[in-house]
Amino acid sequence: MEQAMDRQLFDSLCALAQDCALFACNNQKKIHISFKDDGSVLTETDLEVSRRLVGAVSDLFPGCNIVSEEAPSHCLSWDSPWTFVIDPIDGTDAYCQGMDSWCVSVGILDKDLKPCGAIICAPHFGRSSEGIVVTTFPGDNEVYLNGELLKCPQHNEIPKQLTVGSDTLKHIDMSLYKGKLRAFGSSVLHLLSPCLFLRIDGCIDPVCYAWDTASAHAVILKQGLEFVYTDASPVSYSKDMLSGKKAHPMDMFAGSASCTAWMLENLPPLRR
């Protein structure tokens, strides 16, 4: 029998994630930038938010697996009922430049490593002065946006606007696409966009890490959308990915069934 998560513990983690997002807001103007070995940006905010979230998950859900972009993985047992996948600041490059398109992201995978829960806090993103907080509880099918039930918009079958990663044009042949492209700098917010915005029909996400997708993936599935690789197979998570390796070596499409079908047929990968 699948273990049920304690909702009060989940709510406590949600509250902490929102506190971490406010902490990041307050730090945004006074950060110091460093660089990882792969050239990606790192700030002290990433490290502190990671420390707080990893510590909280360890205390609230002892024995569960924890994967954070900025900390060693705590994969205690693959028989654990939950794996928490943390991106302390998704969109660090945007964050450190003073942009609004970043978020604190916690994805939750079940015992079979399937996305089942999410906490996403983007305090400067969206129409509300409070930004957006998107949550979905493991075991529920509902998704909430700022405490209100979220209903996915109806989209065009042929996409007219897509969110994309910064290097999508290096990976995907876009010659048949006649619509508009939007790039915010956060993989999680790119993937969430078809669930939030009427005029954004889908997303092209580049090869990335588990923490770049896990939270939004849970929302996508519960909103009735698809998330597939460019060979049409569903995006999934492996022990290798959760140990810090990149995902399947293909880009990914998110959107309605008709939208992803159009992308699969008309947006082929470029040879690498």
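Coordinate-derived values only; no laboratory data. As the structure is a prediction and not an experimental result, all values here were calculated from the model. Neighbour counts are summed over all protein chains in view; Cβ atoms, including those assigned to glycine, are modelled from backbone coordinates with ideal geometry.
Observations
- Whole-Hz Karplus values for region 121-130 come out as 10, 10, x, 10, 9, x, 7, 6, 5, 8 Hz, taken residue by residue from phi with 6.51 cos²θ - 1.76 cosθ + 1.60 and θ = phi - 60°; glycine and proline positions read x.
- Sites listed here are trypsin sites (Lys or Arg not before Pro) in region 131-192 whose DSSP assignment is loop and whose Cβ has at most 13 other Cβ atoms within 10 Å: 151, 178.
- 14 Å beta-carbon shell around residue 179, net charge (K/R +1, D/E -1): +3
- For region 161-266, the ratio of Cα radius of gyration to the globular rule of thumb 2.2 N^0.38 Å stands at 0.97.
- Residue order, fewest to most beta carbons within 10 Å, for 208, 121: 208, 121
- Distant-in-sequence amide H partners of residue 226 (H built 1.01 Å from N, under 5 Å): 255, 256, 257
- Here the label points at residue 257 and residue 26, each 7 Å from Cα along the C-beta direction, are separated by 4.8 nm in the simple model.
- Region 7-149 shape via C-alpha gyration tensor axes, a/c threshold 1.5: oblate
- Crossing angle, helix 257-266 versus the chain [Cα axis fit, 0-90 degrees, rounded to tens]: 60 degrees
- Seen against the Cα atoms of the chain and their longest principal axis, helix 44-60 is set at about 60 degrees.
- Mean separation of Cα contacts under 8 Å (6+ apart) over length of region 161-266, as relative contact order %: 28 percent
- For region 97-189, the set of GluC sites (Glu not before Pro) satisfying both a DSSP loop assignment and a count of at most 16 other C-beta atoms within 10 Å is given as 130, 142, 157.
- Residues whose placed amide H lies under 5 Å from that of residue 117, excluding near-sequence neighbours: 108
- Cα-based Lys proximity count in the chain, under 25 Å, for pairs eight or more positions apart or on separate chains: 26
- Tensor-based shape of the chain (alpha-carbon gyration tensor, a/c under 1.5 rounded, otherwise prolate or oblate): rounded
- HN-Hα J in Hz across region 163-174 - Karplus 6.51, -1.76, 1.60, θ = phi - 60°, x for Gly and Pro: 8, 9, x, 5, 10, 4, 5, 7, 10, 10, 7, 9
- Gyration tensor verdict on region 67-121 (Cα atoms; rounded if a/c is under 1.5, prolate if a/b is larger than b/c, oblate otherwise): oblate
- Sites listed here are chymotrypsin sites (Phe, Trp or Tyr not before Pro) in region 48-100 whose DSSP assignment is loop and whose Cβ has at most 12 other Cβ atoms within 10 Å: 78.
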